1. Could you give the alpha-carbon Rg of segment 51-207 over 2.2 N^0.38 Å, rounded to two decimals?
2. Counting pairs of alpha carbon atoms under 8 Å apart in space and at least six apart in sequence, what relative contact order in percent does segment 89-239 give?
3. For GLN412, what is the net charge nearby, where nearby means another residue's Cβ is under 12 Å from its Cβ and Lys, Arg count +1, Asp, Glu -1?
4. Within the accessible area of segment 1-148, what % is carbon and sulfur when the probe is 1.4 Å and the other protein chains stay in place?
5. What does the charge count around LEU354 come to, taking other residues whose C-beta lies under 13 Å from its C-beta (Lys +1, Arg +1, Asp -1, Glu -1)?
6. Give me the net charge for the shell around GLU92: Cβ to Cβ below 12 angstrom, other residues only, Lys and Arg +1, Asp and Glu -1.
7. How large is the accessible surface per residue of segment 1-160, computed with a 1.4 Å probe and reported in Å² as a whole number?
8. Among 183-196, 318-331, 130-143, how do they line up by average Cβ neighbours within 10 Å per residue, starting with the highest?
Amino acid sequence: MQVKWKGRDLFDLVCRTLGLRETWFFGLQYTIKDTMAWLKMDKRVLDQDVPKEEPLVLNFLAKFYPENAEEELVQDITQHLFFLQVKKKILEEEVYCPPEASVLLASYAVQAKYGDYHPNVHKPGFLAQEELLPKRVINLYQMTAEMWEERITVCYAEHRGRTRDEAEIEYLKIAQDLEMYGVNYFFIRNKKGTDLLLGVDALGLHIYDPDNKLTPKISFPWNEIRNISYSDREFAIKPLDKKVDVFKFNSSKLRVNKLGSLIPNGICRRTSRLEWLAAEVRSPVSCSEILQLCIGNHDLFMRRRKVDSLEVQQMKAQAREEKARKQMERQRLDREKRLREEAERARDELERRLIQLQDEALMANEALVRWLALPTEPDSEDSIAPISHPSEPTCRQLRSEETADLLAEKAQIAEEEAKLLAQKAAEAEQEIQRIKVTAIRSEEEKRLIEQKKLEAEMLALKMAEESERRAKEAEQLKQDLQEARESERRAKHKLLEITSKSAYPVRSLSPGSLPPDLPNLSFSTECLSFDFKDTDMKRLSMEIEKEKVEYMEKSKHLQEQLNELKTEIESLKLKERETHLDILHNENTERGTSKQSNFKKVR
């Protein structure tokens, strides 16, 4: 890191190294005096209050969370980073997760790491060294590690066919409904001196009791906040509805001078520079940290409700193409895997048949030897010996010879079949080797495609920059057009004044009556017309309805899974070990409330 580098330079270097383009979710965090702070992008790194020891440790973490991970997170690397961070927060109990949801999340984490479940490979005990559940959940039930692994494995087996990316996004879709997901908490105090918690997240601002981080007392959505201002230690949240009282509070853990304001709707936003005077006891966060979180979350809130930028559209198009390519690649690999399994089954069957025929041939040879070794029965004294020619074979000898010929022929047939089966087994082995070589070649092609993908992304980034430059030029040309039209209007008005003062009769002005040196700046709006057909609207409505039905079915299936898991382990729960958050969550469940319903209710 160079001495003159600003926070933005270091942050961009990390993003380029990771190949990350969705940079607006992330930041660099550091620890100073047991306090977590974010690196400011517009200041030199060494001029900030970062630790002075070597080496300087900065954590690349998600600073802002999406409202809907599946829709907003485009790149696979972005999804993976969010998955790792959310998983860490749940396991370290920074985000409360009920036991049944913990088991289901653990099964998706196992799917993301190990791939599809195979009983012959994933035998009991393969998760013994994995940290998959919060310690709070493990201590809450009378269950051994083997019992937990069995529960997780049952769910894990149901996820067969999901890739790592799909398993991780399913993990995030469940985690984003947790009450504490994506919320940053700050200790505050209202005008009466009551200790409270301020929660800042993607949806708005929330006020909590210090002992209840799950259910907010009151919430302020971003689109209903007119502005947030602060003076010294006092903050004021001003709603759009002027009939609603202004909510004021202060941060009792710090003292800050300088005045500043934040207007989330972006009409006249301006934040002044802050200086620390003192930091007291626990959680000594600066007002600028709260304001920066508010600004970033509000900006993303507004961005989600606008048309995607050109860069995001390109990223989504590339993601769709990449997803389709991966789907085709996966289908091809599945087909080759299926063919290989069929070839292996055929080889095993041929080997089994070969062994069976060899055993039959051996038994036939042994029977022949025993038959020939049997002694001839002596003639009875009373019997009359048959008169036969010495050279004429006896009936027994004929039968022996026929049996020997038959067994020899059978042994020869068995040998030929064994050779044929051995040949087919060799051919099956060659087919397996060919499939393996094809798989290796596919991996090489995949690496080449990844390299081309990176080159295409760099080209797309350059195109996006060029498009932004062109857009700015178009905006400038639009302004010039407006000025020219205004000049035309003033020229017409001036010409009317001159002609009205002249002695000649005033003629009606038309485009042809204007001076020849004045350009015609009339603007046609025909090219901006849109033709919406009823069929398009019906098709769009059908697609929306279909997505809605699929979402409801998935939500119903997920809820059934959670209820089933909860029922299975409920009898083993130790009530006396329930934490305060467990009790609060159970009360919310009994009332039928959730994160979304709480947010709608307290608005």
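1. For segment 51-207, the normalised Cα radius of gyration comes out at 1.21.
2. Here the relative contact order equals 19 percent.
3. Overall, the nearby charge balance is -3.
4. Answer for segment 1-148: carbon and sulfur cover 51 percent of the accessible area.
5. Around LEU354, the surrounding residues sum to -3.
6. In short, +2.
7. 51 Å²
8. 130-143, 183-196, 318-331
The values are calculated or read from the model by the stated rules, or taken from the named source; none is laboratory data. It should be emphasised that the depicted structure is a prediction, and the values quoted were computed from it without experimental measurement. Glycine gets a Cβ as well: all are built from the backbone with ideal geometry, and neighbour counts include every protein chain shown. The protein model used for the area step is the full one, side chains on, heavy atoms only, and it has no ligands, DNA or RNA in it. Shrake-Rupley method; radii C 1.70, N 1.55, O 1.52, S 1.80 Å.
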